[in-house]
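Written out below as structure tokens is the structure these notes cover.
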Amino acid sequence: MDIEEKTSRRVVTTGCGQGTIFGGIMDDIDQIHLSETASITQSAVYQIVDHIRTRSSIYKQAGSVHACAVFKNCGETAELMHFVEDVGRHNAVDSIAGLMWLDDRNGDDLIFYTTGRLTSEMVIKGAQMGIPFLLSRSGVTAMGLEMANKVNLTLMGRCSGQHYLIYSGVNRLVSRENNAHTA
């Protein structure tokens, strides 16, 4: 497919105000198959949320930025691999994707965290990176949830302290407590 054909297709998105994507972002979504056996522990979720909450950041100093981070899933714990802040959440997630590409890293054993909403575009980008878990301190859009269900991606939103909502993929949570809430 040549560049003229690819850029002739314009999709309006729910980005900050309104965004635009050129090309067929949905064309290959049916080809994405995330790990069926991936799991996440409640203690790893708590550790990730606490790590982001206590991390020194541009947001705490100046505000008006989004953060994205990717963690290695180590079972009961999670190890930070990359942390990126940017004015746009899409820029931050694209930077993480680039760092993963430079590291020649697939996403099978990774957990992605963002401060922004989990929209369909964010879910698609996470799925394209092969990451089975997306966490956010913010919420989830209806199309984000639809896309997550389509590619078998676990979405967790409103992550703060020891509280979170599981929107999809609840079967992947290994819980030692009975306070997990599904949306």
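The values are calculated or read from the model by the stated rules, or taken from the named source; none is laboratory data. Worth saying up front: this structure is predicted, and the values here are computed from it rather than measured. FYI the Cβ positions are ideal-geometry reconstructions off the backbone, even for glycines, and counts take in every protein chain you see. With ligands, DNA and RNA removed, areas are computed over all heavy atoms of the protein, side chains included. Shrake-Rupley method; radii C 1.70, N 1.55, O 1.52, S 1.80 Å.
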Taking only C-alpha pairs under 8 Å that are 6+ residues apart, what is the relative contact order of segment 53-101 in percent? 32
Which FRET efficiency, nearest 0.05, do Val174 and Leu102 yield, Cβ-Cβ r, R0 30 Å? 0.45
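Which shape class applies to segment 34-183: rounded if a/c is under 1.5, otherwise prolate when a/b exceeds b/c and oblate if not, where a ≥ b ≥ c are the square roots of the Cα gyration tensor eigenvalues? It would help to have the intermediate numbers written out before the result.
Values: a/c = 1.30, a/b = 1.17, b/c = 1.12.
Cα axes put segment 34-183 in the rounded bin.
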Please give the length that would be gained between Ala62 and Met81 if that part of the chain were fully extended, namely 0.36 nm times their separation in residues minus their C-alpha to C-alpha distance (nm, one decimal). 4.5 nm
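Using alpha carbon coordinates only, what is the Rg to Rh ratio of segment 56-144, with Rh defined as the Kirkwood radius?
Numbers: Rg = 12.4 Å, Rh = 13.1 Å.
Result: Rg/Rh = 0.95.
Relative contact order of segment 27-183, please, whole-number percent, based on alpha carbon pairs below 8 angstrom and at least 6 residues apart. Before the final figure, lay out the partial values.
Details: 317 pairs, mean separation 35.3, N = 157.
The normalised contact order for segment 27-183 reaches 23 percent.
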How large is the accessible surface per residue of segment 84-183, computed with a 1.4 Å probe and reported in Å² as a whole number? 44
